[in-house]
Amino acid sequence: MRYTAGYVALPAAVAEACCLWAAEFFYAATRDPALASQAVVGSVAQTWRVGESGPPPRVRVLLEPFRRRGVA
């Protein structure tokens, strides 16, 4: 039996998406990942993310052409 899957050469968009997502994890380690924005002008104003999951938007856009949708 022989099984072959995947790409012979990794598509550039997939490689870029992996690098971007890894960079997001790296930079998230140095800050609060739930903090969306912060402004300090006389007082502090903060905005927090809630319920976000999955890849960042830039990564989703790069990977969208490679998604396969089907019904199981």
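The values are calculated or read from the model by the stated rules, or taken from the named source; none is laboratory data. Quantities reported herein were computed from a predicted structural model and do not represent experimental measurements. So basically every Cβ, Gly included, is an ideal-geometry build from the backbone, and we count neighbours across all protein chains shown.
Conditions (1) modelled with pLDDT under 90; (2) acidic (D, E), marked per residue:
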site: A5; (1), (2): yes, no
site: E16; (1), (2): no, yes
site: A28; (1), (2): yes, no
site: R31; (1), (2): yes, no
site: S37; (1), (2): yes, no
site: V44; (1), (2): yes, no
site: R49; (1), (2): yes, no
site: R58; (1), (2): no, no
site: L62; (1), (2): no, no
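Under 7 Å by Cβ, and 6 or more places apart or on different chains, what pairs join a residue from segment 57-72 that is free of Cβ contacts under 8 Å to residues at least 60 places away in the same chain with one that is assigned to a helix (DSSP H, G or I) and of a type in the set (F, W, Y)?
Short answer, once both residue conditions are applied: V59/W21.
Six or more apart or on different chains, Cβ under 7 Å: which pairs go from a residue in segment 17-35 that's in a helix (DSSP H, G or I) to one that's of a type in the set (A, V, I, L, M) and surrounded by 11 or more Cβ atoms within 10 Å (Cβ to Cβ)? Could you list them?
Close Cβ pairs satisfying both conditions: A17/V59; A17/L62; A17/L63; L20/V59; W21/V59.
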